[in-house]
Amino acid sequence: MNYSGMNTFIAKLLRAINRVLLSIEATVIIVAGVLITVALFYGAIVRYVIHGSFPQEAELSWLLYTWLVFIGSSYVLSKGDHPTVTFIRGRLGKIYNLFIYLVCIVYVSIILRQAILYSDIFVLQKTATMGLPLYYFYAALILGFIFIDIRYIMKVIDLFVKQ
């Protein structure tokens, strides 16, 4: 997002929020990406070279992949939208863009609300092999959707504060 033509205070605030989100997203993406690569590589070595097993591989990969998907989605949203969709929306005007962003905010917020409501259940449910609470998986959804909502709110502000 380009905040150059905005009110100075709002532009600084949005840039600060963007920097915080980007630092969290980049850290999670790098750490999860490296760990999933290591886990899969280790699993392959154990399976094909040592002829052993690494039963935690599937759950560990699933956990790391979940974090990559939800936090990565927020990161991708920070870089813009799908180019074709953005092109079409750009031609239809600010009100149409506002409508699309608001629909996205409502949709993500509904899913987020339900995930938070059921988070107590996720703590009780455990994975089969490692016994991890499913909350570790759903925490990625919750954090990712909070970030996505923040990014869409920033897009709405960006629509109306640009000069």
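The values are calculated or read from the model by the stated rules, or taken from the named source; none is laboratory data. No experiment lies behind these values; they were computed from the predicted model shown. FYI the Cβ positions are ideal-geometry reconstructions off the backbone, even for glycines, and counts take in every protein chain you see. Heavy atoms of the whole protein, side chains included, go into the accessibility calculation; ligands, DNA and RNA do not. Shrake-Rupley method; radii C 1.70, N 1.55, O 1.52, S 1.80 Å.
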Legend entry - Cα-centred dipole magnitude for the chain, charges only on beta-carbon of K, R (+1) and D, E (-1), debye, nearest 20: 660 debye
Inset, instruction - Give me the percent of the accessible area of the range 3-162 that comes from carbon and sulfur atoms, probe 1.4 Å, all protein chains in place. - result: 72 percent
Legend entry - Surface per residue (accessible, 1.4 Å probe) for the chain, Å²: 61 Å²
Inset, instruction - Name the helices (complete DSSP H segments) of the chain with a Cα length along the long axis of 20 Å or more and a Kyte-Doolittle mean of at least 0.0, or state none. - result: 8-48, 57-78, 94-117, 135-161
Inset, instruction - Normalising by the residue count of the chain, find the relative contact order in percent from Cα pairs under 8 Å and 6+ residues apart. - result: 32 percent
Inset, instruction - Work through the residues other than Y135 whose Cβ is under 12 Å from its Cβ and net out their charges, Lys, Arg +1 and Asp, Glu -1. - result: 0
Inset, instruction - Arrange the peptides 7-17, 150-160 so that the one whose residues have, on average, the most other Cβ atoms within 10 Å appears first. - result: 150-160, 7-17
Legend entry - Packing rank of 44-51, 92-99, 61-68, where each peptide gets the mean count of other beta carbons within 10 Å, highest leading: 61-68, 92-99, 44-51
Legend entry - Nonlocal amide H pairs with L134, under 5 Å, H built at 1.01 Å: Q125, K126, T127
Inset, instruction - Provide, for the chain, the number of lysine pairs with alpha carbons under 25 Å apart, each pair being eight or more places apart or on different chains. - result: 9
Legend entry - Ellipticity estimate at 222 nm from DSSP helix runs (n ≥ 4, -39,500 (n - 2.57)) divided over the chain, nearest 500: -28000 deg cm²/dmol
